[in-house]
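Down below is the structure, laid out as structure tokens.
The values are calculated or read from the model by the stated rules, or taken from the named source; none is laboratory data. Just so we're clear, the structure is a prediction, and the values are computed from it rather than from any experiment. So basically every Cβ, Gly included, is an ideal-geometry build from the backbone, and we count neighbours across all protein chains shown.
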Amino acid sequence: MTQPHRRERVLITGGGGFIGSHLAEHVLASGAEVTVIDNFSTGRRSNLAAIFAHEEWCMRFRLIEGDVAQQLPSLDPRDFDVIYHLAAAVGVRLVVERPIHTIETNVEQASALLRFAARGGCRTLMASTSEVYGKGLRTPMREDDDVIYGPTTLTRWSYAASKAIDEYLALAYHREHALPAYIVRFFNTVGPRQIGEYGMVLPRFVEAALEGRDLEVHGDGTQSRCFCDARDVVIALPKLLARPECAGRVFNIGNDTQISILELAQRVITVLQSRSGIRLVPYAQAFAHGFDDLLVRQPDLTRVRAAIGFAPQISLDATIRDLAKALAADTPASDTAARGASCS
């Protein structure tokens, strides 16, 4: 007699964040059971509104509010097939202003998560960042490149170092405990639900354009980045975890089309038909004296293309428009209302 198909059981840490919430929706749509842990320090309950409003999804969704390390002891790792560890301190401004919080959050939460995952042998994805490449010895950046960071006296590099430690830990658990650990380095992931409060450039620009304020470009604006929509990114993650041969490896995830930050500001103004101007702000004024930044940050996507055929589909203009719609509809009341929502 054929056994009924069992739903995949998924744990997402940081599932209330803008990437995590899109991922939660994606795996729920695929039929999975989903548990989210989030303390909502940077994520928001309103990001989960679509799940709360979806009766069938709610039947397969559980939200646990709190810090990852504090909540994991109440769970059994054998209850999960897959873990996505997205919980982290993110954003340049948060990193510069609260370095202790950044370092301790990233390293301690990742360590607790990996110990938990190893007990159950769960397929585990560790979300990392392009910041790990440090000053970038070459472009496009390849997963096996050497890295160079600035001095420890520049707080800005503490985020990169903490995420590099997370990668070392995940790879060590893969080698020593045969944990199927997968590492992805996100390159400037953007999209609806992202906010500019912690220094994220695209939502800052879109918010200013919607309000008719000058868009503040840090430095001279010639630094270039590659922006990829979160809705493209989250489709790739389950595909990677479905391939056992990808365990124990590092993958860049993003778009490899470059645009300067000054051009990005102009693009936002044009797409949104805004009357805003552009104002250049020195790094020392925006962050701190001696702030270090990269001129170019571009991923080499050869490895992820070979593994799963990854190819972003959503254009930057579409992302700008969708982010603008989401920000225009967002009000303080929306998150307050979401706090009363649940799937019970």
Response to the item:
Across (1) assigned to a loop (DSSP other than H, G, I, E, B); (2) modelled with pLDDT of 95 or more; (3) not basic (Lys, Arg), LEU280 clears everything bar (1)
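When segment 42-86 is examined, which residues are found to be β-branched (Val, Ile, Thr), touching an Asp or Glu at 6+ places or on another chain (Cβ under 9 Å) and under 24 Å from LEU179 (Cβ atoms)?
Of all residues in segment 42-86, those β-branched (Val, Ile, Thr) come to 42, 51, 64, 68, 82-83.
Retained after the next criterion (residues that are touching an Asp or Glu at 6+ places or on another chain (Cβ under 9 Å)): 42, 51, 64, 68, 82.
Of everything in segment 42-86, those that are β-branched (Val, Ile, Thr), touching an Asp or Glu at 6+ places or on another chain (Cβ under 9 Å) and under 24 Å from LEU179 (Cβ atoms) turn out to be ILE64, VAL68, VAL82.
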Worksheet entry | ASP166 vs. criteria in contact (Cβ under 8 Å) with a residue 60 or more places away in the chain, under 14 Å from the mean Cα position of the chain (by Cα) and not in a strand (DSSP E or B) | no
Worksheet entry | Test: residue in segment 119-130 that is part of a loop (DSSP other than H, G, I, E, B) and either farther than 24 Å from ALA247 by Cα or touching a residue at least 40 places away in the same chain (Cβ under 8 Å) (or both) | yes
Worksheet item: Among (1) crowded, with 17+ Cβ neighbours inside 10 Å; (2) assigned to a loop (DSSP other than H, G, I, E, B), which single condition is ASN252 missing?
Response: (2)
Worksheet item: When residues of segment 54-70 are filtered for being in contact (Cβ under 8 Å) with a residue 60 or more places away in the chain and part of a loop (DSSP other than H, G, I, E, B), how many remain?
Response: 1
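Somewhere in segment 83-91, is a residue surrounded by fewer than 21 Cβ atoms within 10 Å (Cβ to Cβ) and not β-branched (Val, Ile, Thr)?
Of all residues in segment 83-91, those surrounded by fewer than 21 Cβ atoms within 10 Å (Cβ to Cβ) come to 91.
Narrowing the set further to residues that are not β-branched (Val, Ile, Thr) leaves 91.
Checked segment 83-91: at least one residue is surrounded by fewer than 21 Cβ atoms within 10 Å (Cβ to Cβ) and not β-branched (Val, Ile, Thr).
Looking at ALA209, ALA181, ALA242, which one is among the small types (Gly, Ala, Ser), under 24 Å from ALA24 (Cα atoms) and crowded, with 18+ Cβ neighbours inside 10 Å? Step through it out loud before you land on a result.
Numbers: ALA209 fails: under 24 Å from ALA24 (Cα atoms); ALA242 fails: crowded, with 18+ Cβ neighbours inside 10 Å.
Exactly one residue qualifies, and that residue is ALA181.
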